[in-house]
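Right, one structure below, let's go through it.
The values are calculated or read from the model by the stated rules, or taken from the named source; none is laboratory data. Predicted model, so just to flag it, every value in this text is computed and none were measured. Here the Cβ positions follow ideal geometry from the backbone for every residue, glycine too, while neighbour counts run over all protein chains shown. Side chains included, ligands, DNA and RNA excluded: accessible areas come from the protein's heavy atoms. Shrake-Rupley method; radii C 1.70, N 1.55, O 1.52, S 1.80 Å.
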Amino acid sequence: MTDSTRLPAPLASWVETVLGPLKAVQDAPHPRENSQVWKVTGRTGDHYVKVAPKAVLYTRETRAYREAVPHLGHGNAPALKDSSADLLALILTAVDGEPLKQEESPARRRAAHRQAGQLLRRIHEALPGHQAQDEAAHVVESAQSGLDMHIAEAGDHLSTAESDMLRHLVSTLPNFGPLPTGRLHGDFRERNLLWNGRRCALIDFERSEPGPLVSDFTRLATSLWPDHPELRAALFEGYGRSLSDAEECALAAFAAADAASALAYGPRYNEALATARGRATVERLMQEGSR
């Protein structure tokens, strides 16, 4: 092994039974707490080894790789080589590309978002809506049940008026009737889109679950789209349809829940980007509510 990084012993033993002797191991964690990801190189080339922080995330990700990812087509996502429930670990094939947010060309970035919209539509349709309907209610319930805790944790980062506005928006979620449902990616944003200048690939499925399809647009709606409406247009061009009026209203409610979560999480873990995203969303929602 040519790299000083080593896999934990039980994990290394399992990985080598699948891939054979390893030539190199490199840390490759995602920029978030508790991320355990390694790039490994062996006689069959490069793979990624990922250990889920929780059993539920392992279950979601392995299920997504088996049931949804095959719908994306070859090269548009990693493939699951093997998994270990005992270790909460997955071995994934490598896909070509760098995080899409690094693309500097506006034209290529729009092209990538069109492709991303196509990929997301395939994920959403991998589980028919009628099969997802019962489980989808969990996503709405989770947004509602965690709100007051997040508002309390946000403390001085939210005024009383802002807190009341967030509560009102999230309380409207059940009012929009049955929203279109299917399988969600669960963390759909540029850092989970790899781009090689020609083709987009989707990664990181540990938060994939059945849910209202519109909730998958929350991260882009609260970070990228306010400053880049052309990327929203490109994505929905690839997705093949625009949001309904009910989905647009629901997206504002999901954005409100996300803002409270970001303002609870960001200051606690010194995550300036999360804090800034939460504040920007709150200010935008307050402004829209005053019109």
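Brief remarks follow.
- Environment charge of Ser171, counting only residues whose C-beta is closer than 12 Å and scoring Lys/Arg +1, Asp/Glu -1: -1
- Globularity ratio of region 223-283, using Cα Rg and 2.2 N^0.38 Å: 1.28
- Within the assembled protein chains, the solvent-accessible surface assigned to Ile123 is about 0 Å², based on a 1.4 Å probe.
- Pairs of Cα atoms nearer than 8 Å and 6+ residues apart set the relative contact order; for the chain it is 19 percent.
- Ordered by solvent-accessible area of protein heavy atoms (1.4 Å probe), largest first, the residues Asp96, Asp82 come out as Asp96, Asp82.
- Normalised by the number of residues in region 12-168, the average gap of Cα pairs under 8 Å and 6 or more apart makes the relative contact order 14 percent.
- Per residue value of the accessible surface for region 192-289 (all protein chains in place, 1.4 Å probe), Å²: 39 Å²
- Assuming charge only on the beta carbon of Lys and Arg (+1) and of Asp and Glu (-1), the dipole of region 206-291 about its Cα centre is about 260 debye to the nearest 20.
- Global geometry of the chain, whether rounded, prolate or oblate, following the gyration tensor of its Cα atoms and the 1.5 cut on a/c: prolate
- Cβ crowding within 10 Å averaged over residues, with 68-76, 101-109 ranked highest first: 68-76, 101-109
- Between Ala259, Ala221, Ala280, the residue with the greatest mean-square fluctuation in the GNM of the chain (Cα pairs under 10 Å linked by springs) is Ala280.
- Taking all protein chains together, Met286, Met165 sort by accessible area into Met286, Met165, largest first [probe 1.4 Å].
- Charges were assigned to the Cβ only: +1 to each Lys and Arg, -1 to each Asp and Glu. The resulting dipole of the chain about its Cα centre is roughly 880 debye.
- Projecting the Cα atoms of Ala255, Ser208, Tyr269 onto the dipole axis of region 198-291, where Lys and Arg carry +1 and Asp and Glu carry -1 at the beta carbon, places Tyr269 farthest toward the positive end.
- Net charge dipole, region 67-130: roughly 420 debye, given to the nearest 20, about the Cα centre with Cβ charges of +1 for Lys and Arg and -1 for Asp and Glu.
- For region 1-134, the carbon plus sulfur part of the accessible surface works out to 46%, probe radius 1.4 Å.
- For the residues Tyr58, Tyr48, Tyr269, a 1.4 Å probe over the protein chains yields an accessible-area ranking, largest first, of Tyr269, Tyr48, Tyr58.
- Between Leu193, Leu127, Leu87, the Gaussian network model of the chain with springs among Cα atoms under 10 angstrom shows the greatest mean-square fluctuation at Leu87.
- Shape category assigned to region 80-219 from the gyration tensor of Cα positions, a/c cut at 1.5: prolate
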